[in-house]
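Enquirer: Got a structure for you, questions after.
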Amino acid sequence: MAFPVTFDDWPDWPSLKAGYASSYAVFLEADRRDAVAAWEVERTVAVTGEGLVAGRSYRVARLFADATFEASGPGAELVEVAPSADGLAFEVTVPADAPQGALALTVTYPTLGQSQTLRFFVVPAAIGGAGVGTASVTAWSDWWFADAAGLHDAQRLYAQFPWDGCPTGCGATAWAMLFGWADYLAGQGVAPWTPRWGIYLIDGARAGGADAVAPKHMENGPRRITVEIRGYIATFCLAGNAPTYPTQMGDAATYLAGRSHARISTSYNGLGFRADALRDRVIAELNDRERAAVVGLGYLQHYAVAVRYAARHRWIQDVSGRPVYPLVARRFYVNQGWGGYRNGYVTAKTWFAGSIRP
């Protein structure tokens, strides 16, 4: 038996404080679980050290001008340590053929009368991959990116506007931008979208109108299709906002009927619980198919369009001394649906995944 989700305001601030932990227990537990892996890595790194990939050079900040840096321990012969050209750091260079091994670097600060031991280990190139350039000794690898076709040029920068007593809603805006993105690619002859012209018709007309490329910014046409989509997905007014249930978002497919043979697909958690499976679906859209996707941010709070996936990893050693990278940082670059305002990176977590398929 299905129970409808209802929303209501807290009556006052004391009630919110008193009921916060119990009312949001599921989401607080999700945050705790998200943080567990990061803290486990921090504790492990404190014991085993940071991983330095063979074939790369790393900068370690000097902090004080008279600081000295000395490699010690059984792994000292695995690296070369020298002051950087700008005098602000030490450069630790790991030969490309260096084998895995532990390494301790001692930094002495005469000004403070203290020294510090930094723990590292060498990650063989066969495991860590080929490296180029000089990186700071942080815990992370370089960022890796996967983009939707056309990236920023193809994005439609639409925004909500007042309608029927409240805003038009982020759900309708997100779908309008995603449909506009696909329509732009069709107009540019980008495969596989080439035969899917007609997703946007001139001036936002319904079926039977002349074809046109979806405008980049808000004008009459994008406003019309936003209102049309809003009706299909049953957006409603609540306390000055315009929410859309994730269960209704799939009804945006009605917009495509008579316009194009493109289709949409949606997956979601109706309670707003962020799920790895939904995140991975969005990643697959971006990484495997170069497709933008609608994502759900916050607690049933906002729909946006993910246009880029960014990831990096961190090397640690497990108890057996084998290099692993159990912690992966993931981000989505999202088009917020605010006319381009505050588009940027967010943590790659979502309770909704919506895509358009050619």
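Only the coordinates and a few stated rules stand behind these numbers; no lab work does. Since the model is a prediction, treat every value here as computed from it, not as a measurement. Heads up, the Cβs are rebuilt from the backbone with ideal geometry, glycines too, and the neighbour counts pull from every protein chain shown.
Enquirer: For the residues Trp39, Trp140, Trp351, what sequence is obtained by ranking on other C-beta atoms within 10 Å, fewest first?
Expert: Neighbour counts put them in this order, fewest first: Trp39, Trp140, Trp351.
Enquirer: Determine, for Tyr345, Tyr232, the number of other Cβ atoms within 10 Å of each Cβ, and report the residues in order from fewest to most.
Expert: Tyr345, Tyr232
Enquirer: Could I ask something else about it? Kindly express, to the nearest 10 degrees and within the range 0 to 90, the angle between helix 220-232's C-alpha long axis and the longest C-alpha principal axis of the chain.
Expert: Its long axis makes an angle of about 90 degrees.
Enquirer: Can you tell which of Thr247, Thr347, Thr111 shows the greatest fluctuation in a Gaussian network model of the chain with Cα springs below 10 Å?
Expert: Comparing Thr247, Thr347, Thr111 in a Gaussian network model of the chain, the most mobile one is Thr111.
Enquirer: Sorted by average packing, counted as other Cβ atoms within 10 angstrom per residue and highest first, what order do 169-179, 112-122 take?
Expert: By packing density, highest mean first, the sequence is 169-179, 112-122.
Enquirer: Between Asp164 and Asp97, 0.36 nm times their residue separation minus their Cα-Cα distance comes to what?
Expert: This chain segment gains 17.4 nm when fully extended.
Enquirer: On to the next question. Could you list, by residue number, the cysteines of the chain that have no other cysteine's beta carbon within less than 4.7 Å of their beta carbon?
Expert: Cys170
Enquirer: So what are the stretch 147-357's ellipsoid semi-axes, whole angstrom, largest first, if each one is the square root of 5 times an eigenvalue of the alpha-carbon gyration tensor?
Expert: Rounded to whole Å, the semi-axes are 31, 20, 14.
Enquirer: Given +1 on the Cβ of Lys and Arg, -1 on the Cβ of Asp and Glu, and no further charges, what dipole in debye does the chain carry about its Cα centre, rounded to the nearest 20?
Expert: It works out to roughly 780 debye.
Enquirer: Between Gln301 and Trp143, 0.36 nm times their residue separation minus their Cα-Cα distance comes to what?
Expert: Taking 0.36 nm per residue and subtracting the Cα distance, the gain is 54.1 nm.
Enquirer: Here is a follow-up. Given the stretch 54-194, report the % of alpha carbon pairs whose separation exceeds 19 Å.
Expert: 66
Enquirer: Of Leu178, Leu63, Ala38, which is farthest along the charge dipole of the chain in the positive direction, counting Lys and Arg as +1 and Asp and Glu as -1 at C-beta?
Expert: Leu178
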